[in-house]
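The values are calculated or read from the model by the stated rules, or taken from the named source; none is laboratory data. Remember, it's a predicted structure, so these values are computed and weren't measured experimentally. In this analysis, Cβ positions are derived from the backbone assuming ideal geometry, glycine residues included, and neighbour counts consider all displayed protein chains. Ligands, DNA and RNA are excluded from the accessible area calculation, which covers all protein heavy atoms including side chains. Shrake-Rupley method; radii C 1.70, N 1.55, O 1.52, S 1.80 Å.
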Amino acid sequence: MRDDFSLEVKRNLAARAGYLCSNPVCRALTAGPQDHPERSVNLGVAAHISGAAAGGPRYNPTLTPTERSHIDNGIWLCQNCAKLIDSDLARFTDTLLQGWRAIAEDFARESLGKTTRALMGSPRELSSPLELVLELEGIRGDTYSPHTVPVRWFVIGLRNAGDTTVKFP
């Protein structure tokens, strides 16, 4: 038996991620309009961090059905990233997915109430070309079975030469 998310949990996961894929490398918009004026398209998926059923990806038998279907066990992803995380379990761990979710929610929180221009700079301010910025955020230990290895963490961003950098972790 699957411990699926309720409709309310799915809506909250999507809204808390700003309707963007929570994969910090992807960040695809997951909702938008259809041609029909009263309809929209949803390309997002409320994915389980720990599998919804025995035998599922990253299934944790110690979780109760209530914990498995709780919002804390969910992450909002585009359909491509949802398939990706369930196809490469060694790479996409519970810890990594929880980190993605935290980053996505922080980004949505920081973006809340700001226009795209406020986040990226308005076209009038972009007299200089944009620069792609890659900065070393630090080195952390990460566990790749069976060893703990140092991993370099980077932040990618856009900068209008000399102005602020908009960073995307």
Only residues that are at pLDDT 95 or above and surrounded by fewer than 12 Cβ atoms within 10 Å (Cβ to Cβ): list them for segment 1-14, please.
Leu7, Glu8
Under the condition of being under 19 Å from the mean Cα position of the chain (by Cα) and without any contact (Cβ under 8 Å) to a residue 40 or more places away in the chain, which residue from segment 52-81 is least open to solvent (accessible area, probe 1.4 Å)?
Asn73
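Would you point out the residue of segment 17-44, among those that are under 14 Å from Phe92 (Cβ atoms) and surrounded by 18 or more Cβ atoms within 10 Å (Cβ to Cβ), that is nearest to the chain's Cα centre (by Cα)?
Looking at residues that are under 14 Å from Phe92 (Cβ atoms) and surrounded by 18 or more Cβ atoms within 10 Å (Cβ to Cβ), I get Ser22.
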With respect to the numbered conditions (1) more than 22 Å from Gly113 (Cα to Cα); (2) touching a residue at least 40 places away in the same chain (Cβ under 8 Å); (3) hydrophobic (A, V, I, L, M, F, W, C); (4) touching a strand residue (DSSP E or B) at 6+ places or on another chain (Cβ under 7 Å), which one is the sole condition not fulfilled by Ala90?
(4)
